[in-house]
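Reading through the structure tokens given below for one structure.
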Amino acid sequence: MRLKDKVAIVAGAAWGGIGAATALRFAQEGAHLVINTRSRAEKLDETAANIRAAGGRVATVMGDVANAAAWEAMTAAALTEFGKIDILVHNAAQSFLKRAVEFTQEEWDRGLAVTLGGPWLGAKHCIPHMQQQGGGSIVFISTVNATITNPLFGLYGAAKGGLNALTRSIALDYGRDGIRCNAIAPGQIVGERERERIARDPLEDALSRDCYPLGRYGTPEEIANVALFLASDEASFVTGIVLTADGGLTLQSPEALVRPSFRKRWRDDILVPQPRDEVDLQY
């Protein structure tokens, strides 16, 4: 087991998404868990039940990651129940889809407080305990929208871009303490919540999936596997990176996504191989 007897805090572990899948995957690899969400206690309880069914030990903490009190409760639960903190995973985020000048001050502050402030508070409360025990691993869930963007994603992208910078800063400042810090940048991940929404618009779904070289979205379980690697000793020489797990979405140029002749070159070939025009690219 890759995380046998490790203690992990996973913030944002309800709703059947990345956090819940990560907590369960960690439990399957022998970790003890403290899991958190702000609302929907029944979903957090569902995650906990799945962990226990897999033979894991888990404590649940309701609380807002934007508030220090929630982190005080999570760290206290980890130390009281399990005696230490080895791993921190921050998955929680909140945003609003608006153009830059349309946000209210409250919306802007709230998005930053949860999506960027939450990870900082998590690190602030967990790192001292990791230092005392000689090391630990932090994994932040970022997004490809920190480096590319979509319409109305300004607040979300700004917060996650800051999160990427925070990842690098923590990795640099605390590496000599044996603490590694990395982030994951997923593309579109479809879990329990998203499946119902996607099913309402099959055309949008088909066009969206067609943007991905793999021809599909990711799953929470796939991101959980990436988090497992980064949290485990298998990644003992990996720190300060933002690992992209996006099905190839961001490896393409804008032309490859929208220009009909470029799209045809590889999408159509999947079904009906086409003859190539010979082009000399040497100069």
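Read-outs: derived from the displayed coordinates by stated rules, not from any lab. Every value quoted in this text rests on a predicted model; they were computed, and no experiment measured them. In this analysis, Cβ positions are derived from the backbone assuming ideal geometry, glycine residues included, and neighbour counts consider all displayed protein chains.
The C-beta contact set for the stretch 127-139 (first residue touching a residue at least 40 places away in the same chain (Cβ under 8 Å), second residue part of a helix (DSSP H, G or I) and of a type in the set (A, V, I, L, M, F, W, C), distance under 6 angstrom, 6+ apart or interchain) comprises Gly136/Met130; Ser137/Ala231; Val139/Ala227; Val139/Leu230; Val139/Ala231. The set of residues in the stretch 124-144 that are surrounded by fewer than 22 Cβ atoms within 10 Å (Cβ to Cβ) and part of a helix (DSSP H, G or I) comprises Lys124, His125, Ile127, Pro128, His129, Gln131, Gln132, Gln133, Val144.
In the stretch 50-62, which residues are over 13 Å from Val10 (Cβ atoms) and touching a strand residue (DSSP E or B) at 6+ places or on another chain (Cβ under 9 Å)? If the condition is that a residue be over 13 Å from Val10 (Cβ atoms) and touching a strand residue (DSSP E or B) at 6+ places or on another chain (Cβ under 9 Å), then Arg52, Arg57, Met62 are the ones that fit. Considering the stretch 38-61, the residues that are among the hydrophobic types (A, V, I, L, M, F, W, C) and in a helix (DSSP H, G or I) include one that is farthest from Gly19 (Cα to Cα), namely Ala53.
The set of residues in the stretch 148-205 being closer than 28 Å to Gly135 by Cβ and of a type in the set (Lys, Arg) consists of Lys160, Arg168, Arg176, Arg180.
How about the stretch 96-110: which of its residues are part of a helix (DSSP H, G or I) and either more than 24 Å from the chain's Cα centre (by Cα) or among the small types (Gly, Ala, Ser) (or both)?
Ala100, Val101, Glu102, Gln105, Glu106
So that you can scan it fast, the table gives a plain yes or no per residue for (1) in contact with a Leu (Cβ under 7 Å, 6 or more places away or on another chain); (2) among the basic types (Lys, Arg); (3) in contact (Cβ under 8 Å) with a residue 12 or more places away in the chain:
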residue: Arg180; (1), (2), (3): no, yes, yes
residue: Arg200; (1), (2), (3): no, yes, no
residue: Pro254; (1), (2), (3): no, no, no
residue: Pro260; (1), (2), (3): no, no, no
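The helices (runs of 4 or more DSSP H) falling completely within the stretch 147-265 that include 1 or more residues that are surrounded by fewer than 20 Cβ atoms within 10 Å (Cβ to Cβ) and either among the small types (Gly, Ala, Ser) or touching an Asp or Glu at 6+ places or on another chain (Cβ under 6 Å) (or both) map to 154-174, 192-199, 202-209, 254-258.
Suppose the filter is assigned to a helix (DSSP H, G or I), surrounded by fewer than 18 Cβ atoms within 10 Å (Cβ to Cβ), in contact with a Gly (Cβ under 7 Å, 6 or more places away or on another chain) and not hydroxyl-bearing (Ser, Thr, Tyr); does Ala69 pass it?
On the way: assigned to a helix (DSSP H, G or I): yes; surrounded by fewer than 18 Cβ atoms within 10 Å (Cβ to Cβ): yes; in contact with a Gly (Cβ under 7 Å, 6 or more places away or on another chain): yes; not hydroxyl-bearing (Ser, Thr, Tyr): yes.
Judged against the criteria, Ala69 is a match.
The residues of the stretch 83-98 that are of a type in the set (A, V, I, L, M, F, W, C) and more than 12 Å from Val10 (Cβ to Cβ), listed by number, are Ala93, Phe96, Leu97.
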